[in-house]
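Colleague: One structure, pasted below without further comment.
The values are calculated or read from the model by the stated rules, or taken from the named source; none is laboratory data. Computed from a predicted structure; not experimentally measured. Neighbour counts are summed over all protein chains in view; Cβ atoms, including those assigned to glycine, are modelled from backbone coordinates with ideal geometry.
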Amino acid sequence: MTTEGLYAGVAVRDITPRLDGRPVFLAGYGRDRRATAVESPLLVRALAVCAGSQVAVIVACDLIGLDRSDVLLIGDELVAHGVDRDAVIVACTHTHSGPDTLGLWGPDAAVSGVDEAYLAHVRRAVVEAAVEALALRCPVVVRSGMGRLAGWVANYRDPAIVDDDVAAVQFIKPDGATLATLINLACHPEVFDGTSLVLSPDLAGVACRTIEARIGGMALHVSGALGGMLSPRTPDRSHDSMVAMGQAYAAAALAALADGVAAPAALRRRRSTFRVPMSNPLLRQAHAFGVLRPRQLFDADVETTCSAIDLGTIQLLTVPGELLPALGFTLKAAMPGSCRIIIGLADDEIGYILPDGDYVMPVDYNDPGSQYEESMSLGPQTGSRVVGVALALLDATIHDAPGS
């Protein structure tokens, strides 16, 4: 195989939990919400992109999130397969109709909702998909576009700040067939609300299936800066509304590609590991009691990571949780290309990432009221730490480009 030009490969694995008598605790909303049926399968979708010696693999999982401890275990397995762990980004769509993979939504506040055997299955599926996508890569050309999903996204914390951008990147094989389409939207995939007991990728799954039916190939969705609280604006939280919003999202992505521009066959990536103070007493207690996934602490800090990927006119930045849209706009403004993508819930789930100046300490973390996002955030310095690292990565990646 020649190393000139751009290559890409894809792979898919099913990670739908079995409803075989063991409880499957659904993540998001309240505790002890047990799945009773499958609306549509939960999947792991992997997209590998290579140019010369540069490699980047984006894996999108239909899950609420994955803790860094599990992502590190995935990295160990990737290394055993000869894959550079820093080349692989493991992102979650943040569906609220998937199993608890973090521990917060078990039968009560003192018991984790994680099924360890299921989580081991997820880790294997991610590794298998990433390795297969790399093995199946073929020459591609890339085009991208930006659009909007006007009227479908609301901010329930600060109604004046809404990010309804839709980004789409299409990877096309030499015969003109679509290999993959990457789509990006900042909105919680939660048309199904807390009364629902079905397993579902929600609107993201509908969007991906709609694009696959229209133009072929594999589609994968990555969630943007959906924190604080970007959520669906639908007439109700029914199945029909979920399908309608997913189809509207797909239509916006396809319209963006219709006016899209070609991207040069160049790839650069960087990653940075850093620490953030965990001052939130609720999260510290949950970690100490073993409700949250076990992870190494550095005094009172957690270690996490951000990555930057540059595909010429396309820039992608990853953040390890739920970035509020105001910070998302800050990052997008620093991206010089025509297609700007933030991949949230990537390689970790540290909770909400608020602007430092907007952070108001809850009086009662168990009953936070309008400070809900603060009650599910590591602490008041999280926003500046994450955004500072992401901006530095973006600047370094762009200025390392040939001819810059």
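Colleague: Considering only the stretch 322-337, how many residues are surrounded by fewer than 19 Cβ atoms within 10 Å (Cβ to Cβ) and in a loop (DSSP other than H, G, I, E, B)?
Modeller: Qualifying residue count, the stretch 322-337: 3.
Colleague: A follow-up question, please. Can you give me the number of residues within the stretch 42-65 that are touching a residue at least 60 places away in the same chain (Cβ under 8 Å) and under 26 Å from LEU292 (Cα atoms)?
Modeller: Looking only at that region, the number is 11.
Colleague: Which ones in the stretch 323-340 are small (Gly, Ala, Ser) and touching a Ser or Thr at 6+ places or on another chain (Cβ under 6 Å)? Give the derivation first.
Modeller: Looking only at the stretch 323-340, we keep the residues that are small (Gly, Ala, Ser), and these are 326, 328, 333-334, 337-338.
GLY337, SER338 - these are the residues of the stretch 323-340 that are small (Gly, Ala, Ser) and touching a Ser or Thr at 6+ places or on another chain (Cβ under 6 Å).
Colleague: It is to be established whether one or more residues within the stretch 49-57 are modelled with pLDDT under 95, under 24 Å from CYS306 (Cα atoms), assigned to a loop (DSSP other than H, G, I, E, B) and over 21 Å from the mean Cα position of the chain (by Cα).
Modeller: There is at least one residue in the stretch 49-57 that is modelled with pLDDT under 95, under 24 Å from CYS306 (Cα atoms), assigned to a loop (DSSP other than H, G, I, E, B) and over 21 Å from the mean Cα position of the chain (by Cα).
Colleague: Is there a residue being among the charged types (D, E, K, R), in contact with a helix residue (DSSP H, G or I) (Cβ under 8 Å, 6 or more places away or on another chain), buried (at least 22 other Cβ atoms within 10 Å of the Cβ) and in contact (Cβ under 8 Å) with a residue 40 or more places away in the chain anywhere in the stretch 370-378?
Modeller: So far as the stretch 370-378 goes, no, none of its residues is among the charged types (D, E, K, R), in contact with a helix residue (DSSP H, G or I) (Cβ under 8 Å, 6 or more places away or on another chain), buried (at least 22 other Cβ atoms within 10 Å of the Cβ) and in contact (Cβ under 8 Å) with a residue 40 or more places away in the chain.
Colleague: Scan the stretch 162-177 for residues that are surrounded by 15 or more Cβ atoms within 10 Å (Cβ to Cβ), outside any strand (DSSP E or B) and in contact (Cβ under 8 Å) with a residue 24 or more places away in the chain and report the count.
Modeller: Residues meeting the conditions: 3.
Colleague: Tally up the residues in the stretch 149-160 that are surrounded by 15 or more Cβ atoms within 10 Å (Cβ to Cβ) and either free of Cβ contacts under 8 Å to residues at least 40 places away in the same chain or assigned to a strand (DSSP E or B) (or both), please.
Modeller: Residues that pass the stated criteria total 3.
Colleague: Of everything in the stretch 103-120 that's farther than 18 Å from ALA288 by Cβ and crowded, with 16+ Cβ neighbours inside 10 Å, which residue is farthest from the chain's Cα centre (by Cα)?
Modeller: Filtering the stretch 103-120 down to residues farther than 18 Å from ALA288 by Cβ leaves 105, 107, 115-120.
Filter once more, keeping what is crowded, with 16+ Cβ neighbours inside 10 Å: 105, 115, 118-119.
Details: TRP105: 20, ASP115: 21, TYR118: 20, LEU119: 17 Å.
Once the filter is applied, the top-ranked residue is ASP115.
Colleague: Give me a count of the residues in the stretch 233-292 that are among the charged types (D, E, K, R), over 21 Å from LEU354 (Cα atoms) and assigned to a helix (DSSP H, G or I).
Modeller: 1
Colleague: So, in the stretch 178-215, how many residues would count as being in a strand (DSSP E or B) and either surrounded by 24 or more Cβ atoms within 10 Å (Cβ to Cβ) or not hydroxyl-bearing (Ser, Thr, Tyr) (or both)?
Modeller: Qualifying residue count, the stretch 178-215: 9.
Colleague: Quick check on GLY82: is it on the phi > 0 side of the Ramachandran plot, more than 16 Å from the chain's Cα centre (by Cα), surrounded by fewer than 19 Cβ atoms within 10 Å (Cβ to Cβ) and not polar (S, T, N, Q)?
Modeller: The answer is yes for GLY82.
Colleague: Also, quick follow-up: Please indicate, with yes or no, whether at least one residue in the stretch 59-78 is more than 16 Å from the chain's Cα centre (by Cα) and outside any helix (DSSP H, G or I).
Modeller: Looking through the stretch 59-78, none of the residues is more than 16 Å from the chain's Cα centre (by Cα) and outside any helix (DSSP H, G or I).
Colleague: Regarding the stretch 338-353, can at least one residue be identified that is surrounded by fewer than 19 Cβ atoms within 10 Å (Cβ to Cβ), over 25 Å from ARG295 (Cα atoms) and of a type outside the set (Asp, Glu)?
Modeller: The answer is yes; a qualifying residue exists.
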